Amino acid sequence: MLKRVLLIIFLSSLFFSCQWFQSEKVIIDFNEVDEYPFYPGCDSLALSTYKKNCFEEAVVSHLSSYLEKQEFKTDMAINDAIIVHLEIDKKGQASLYEIETSPVILEHLPQLDSLLKIAIHDLPQMKPAQKKGLSVNSRYLIPIYLLEK
């Protein structure tokens, strides 16, 4: 009988003192990534902020140079900005998620969205963003300013 009581006390103390039953809340911010996508040529940079800036500048440069090669014909001067929502998937492929633009641009440059789709499709394969060591989809807002030359 004494052995049973000691066994129950021993097991009870193990049960109530066991850290297996304690839970810690782990908060993961899914809006931030640990590593931004690597645009070819930006992966050799050491600091994450430099890699992010290099990625953003390379994407803007690619889209701007593609649009500068196009001939836009319109009867009015357009000095406006558009916001391109760019998505980089888990495999490092870029795609156009959305375009924020004014009704004026939609009316006078209806081909702009299809040209942006082509330009984004022509972006090189990138190393995707990383979160906790896993490749994740990520989205970025890229402003593009349309100025009459």
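Nothing in this text is a laboratory measurement; each read-out follows from the coordinates by a stated rule. As the structure is a computational prediction, the values presented were derived from the model and not from experiment. Positions of Cβ are generated from backbone atoms using ideal geometry, with glycine treated the same way; all protein chains shown enter the neighbour counts.
Looking for something surrounded by 13 or more Cβ atoms within 10 Å (Cβ to Cβ), among the aromatic types (Phe, Trp, Tyr) and over 30 Å from GLU32 (Cβ atoms) - is there at least one such residue anywhere in the stretch 66-78? Within the stretch 66-78, one or more residues are surrounded by 13 or more Cβ atoms within 10 Å (Cβ to Cβ), among the aromatic types (Phe, Trp, Tyr) and over 30 Å from GLU32 (Cβ atoms). Taking the stretch 120-149 only, how many residues are buried (at least 18 other Cβ atoms within 10 Å of the Cβ) and of a type in the set (Phe, Trp, Tyr)? Going through the stretch 120-149 one residue at a time, the tally reaches 1.
Applying a threshold of 7 Å to beta carbon distances and a minimum spacing of six or more residues, or different chains, the list of pairs starting in the stretch 92-113 at a residue that is in contact (Cβ under 8 Å) with a residue 24 or more places away in the chain and closer than 23 Å to TYR39 by Cα and ending at one that is part of a helix (DSSP H, G or I) and among the charged types (D, E, K, R) reads LEU96/LYS117.
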